[in-house]
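A short worksheet on the structure shown next.
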Amino acid sequence: DAKTTQPPSMDCAEGRAANLPCNHSTISGNEYVYWYRQIHSQGPQYIIHGLKNNETNEMASLIITEDRKSSTLILPHATLRDTAVYYCIVRVAGNQFYFGTGTSLTVIP
Amino acid sequence: NAGVTQTPKFQVLKTGQSMTLQCAQDMNHNSMYWYRQDPGMGLRLIYYSASEGTTDKGEVPNGYNVSRLNKREFSLRLESAAPSQTSVYFCAGGQGVGSPLHFGNGTRLTVT
């Protein structure tokens, strides 16, 4: 099963870009990479997902390496409200999504 | 448009009691999921339902049962609650491969 590895914590200055890395070296060709975030103990909030190409939406950009073994979530101008735990997950075994422990991002004023 | 709704929001049980956590979605999702999250940890999959009438075990199914009552509703039952089941439970729905999951706001369960 494809799993993901993320750094446990990161800091980012307010207004700067936050770059959150994720390794998914065992990902297979048809598995998407999804990013979620969780603020306090609320339900995880969907951010973005992609298969091969880079993706951008109103919240973030997703950069996937050509070999698809890693990806980076970019929050272009981090705000204090972006302080959260960010999860990079891969859909495995058909309909199952497995979460790891994520990266705790702290945006510093 | 409520999305994914979980009830109750909070619950306290005594060891050995039973209860059912309810989840309903109005997003026409084919797949539905139950996760649990313990303090300081990520989400772990308990059970999921790929479509109406089907259910499958996830990572941590022991001590739980589920029912996919119809396309909208997916319930999680604890037959005999144990303190180890103290956790926050999240329900989610999804449409299929290439589509993200949408989560409810959770049920906070304490078993004493």
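The values are calculated or read from the model by the stated rules, or taken from the named source; none is laboratory data. Just so you know, these numbers come straight off a predicted model, no measurement behind them. Counting neighbours? That spans all protein chains shown, and the Cβs are built from the backbone with ideal geometry, glycine included. The accessibility values were calculated without ligands, DNA or RNA, using every heavy atom of the protein model including side chains. Shrake-Rupley method; radii C 1.70, N 1.55, O 1.52, S 1.80 Å.
Compute the whole-percent fraction of alpha carbon pairs in chain B spaced more than 19 Å apart.
Cα-Cα pairs in chain B separated by more than 19 Å: 39 percent.
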### Task
Would you tell me the mean number of C-beta atoms belonging to other protein chains that fall within 10 Å of each C-beta in B:24-32, as a whole number?
1
### Query
Which residues in region B:16-53 place their backbone N less than 20 Å from a point set 7 Å from the Cα of B:E59 along the Cα-to-Cβ direction?
B:32-50
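Let me know the mean shielding of B:97-105 by other chains, meaning the per-residue number of their Cβ atoms within 10 Å of its Cβ.
Other-chain Cβ atoms within 10 Å of each residue's Cβ, averaged: 6.
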### Task
Just give me a number: lysine pairs in the protein assembly as shown, eight or more positions apart or cross-chain, with C-alpha atoms less than 27 Å apart.
8
### Task
Give the interface area between chains A and B as buried accessible surface, both sides summed, probe 1.4 Å, in Å² to the nearest 100.
1800
